[in-house]
1. Can you tell me which residue within the stretch 115-127, out of those that are at pLDDT 95 or above and more than 13 Å from the chain's Cα centre (by Cα), is farthest from Ile77 (Cα to Cα)?
2. What's the total number of residues in the stretch 116-127 that are in contact (Cβ under 8 Å) with a residue 60 or more places away in the chain and within 20 Å of Ala55 (Cα to Cα)?
3. May I ask you to list the residues in the stretch 60-78 that are part of a strand (DSSP E or B) and either of a type in the set (S, T, N, Q) or in contact with a Pro (Cβ under 6 Å, 6 or more places away or on another chain) (or both)?
4. List the number of the failed condition for Asp112; all other conditions in (1) part of a loop (DSSP other than H, G, I, E, B); (2) at pLDDT below 95 hold.
5. I'm trying to understand the selection: among the residues of the stretch 128-165, which are closer than 22 Å to Ser62 by Cα, at pLDDT 95 or above and assigned to a loop (DSSP other than H, G, I, E, B)?
6. Name every residue in the stretch 92-109 that is under 16 Å from Phe161 (Cα atoms), modelled with pLDDT under 95 and of a type in the set (Asp, Glu), in order of residue number.
7. Condition test on Asp70, is it among the charged types (D, E, K, R) and under 15 Å from the mean Cα position of the chain (by Cα)?
Amino acid sequence: MGIISSHQKTGIFLKVVILVLLMVLAAKLDGAEVSGQWIYEKITIDSVQHELSSATVRSRNSINLLSPYDGVNHGLIMIRKVKGGDPEVLFAVDKGQFYTGEQIRVKIDAGDAIWIKVEKPADRRSDLLFIAEPLNFINQIKNAKELKISAQFSQNGERTFVFSVDGLDLKKVGL
């Protein structure tokens, strides 16, 4: 059995807290009266005193995938930042498995659809992708009204989520 350094423990703890935060936000978004509005959260991770700020928006539309992921399935965009760190942008689904390579298709407002690079999480989760150039992505959507993201799903082909992204307050995320 190997020895885990305090830095590794902090990293593992942060990953667990962030995953729990994402699940809590998804549950809160299910109960939101109006989808498409940003929900802001700020938490302090007591053991390491890191402050995490996030903004999350749920897709206006839902998709239906084949079993076992059938039923209402929304997309989520989360912008998150640990104080003093770099921002991250996550694209997640309620349930399902992304079957995408290294890119997804994005359309902002009336612009042309473009391919952007994504990265899979280190823990091999298949319902979550990281936007590879988060600052570039944030700069593209900060004044936009609508965002469409298309991605491939295992045994379900390409599906598109539509987000209302207007009103994003980057100050609430520490940007």
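1. Trp115
2. Residues in the stretch 116-127 being in contact (Cβ under 8 Å) with a residue 60 or more places away in the chain and within 20 Å of Ala55 (Cα to Cα): 0 in total.
3. Looking only at the stretch 60-78, we keep the residues that are part of a strand (DSSP E or B), and these are 63, 73, 75-78.
Once the filter is applied, which keeps residues that are part of a strand (DSSP E or B) and either of a type in the set (S, T, N, Q) or in contact with a Pro (Cβ under 6 Å, 6 or more places away or on another chain) (or both), the stretch 60-78 yields only Asn73.
4. Looking at each condition in turn, Asp112 falls short on (2).
5. Result: Ala144, Lys145, Val165.
6. Within the stretch 92-109, Asp94 is the sole residue that qualifies.
7. Values: among the charged types (D, E, K, R): yes; under 15 Å from the mean Cα position of the chain (by Cα): no.
Considered against the rule, which asks whether it is among the charged types (D, E, K, R) and under 15 Å from the mean Cα position of the chain (by Cα), Asp70 comes out as no.
Per-residue answers, yes or no, for (1) touching a strand residue (DSSP E or B) at 6+ places or on another chain (Cβ under 6 Å); (2) not charged (D, E, K, R):
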{"site": "Gly84", "(1), (2)": "no, yes"}
{"site": "Lys95", "(1), (2)": "yes, no"}
{"site": "Asp109", "(1), (2)": "yes, no"}
{"site": "Trp115", "(1), (2)": "yes, yes"}
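The values are calculated or read from the model by the stated rules, or taken from the named source; none is laboratory data. These figures come from a predicted structure and were not determined experimentally. Glycine gets a Cβ as well: all are built from the backbone with ideal geometry, and neighbour counts include every protein chain shown.
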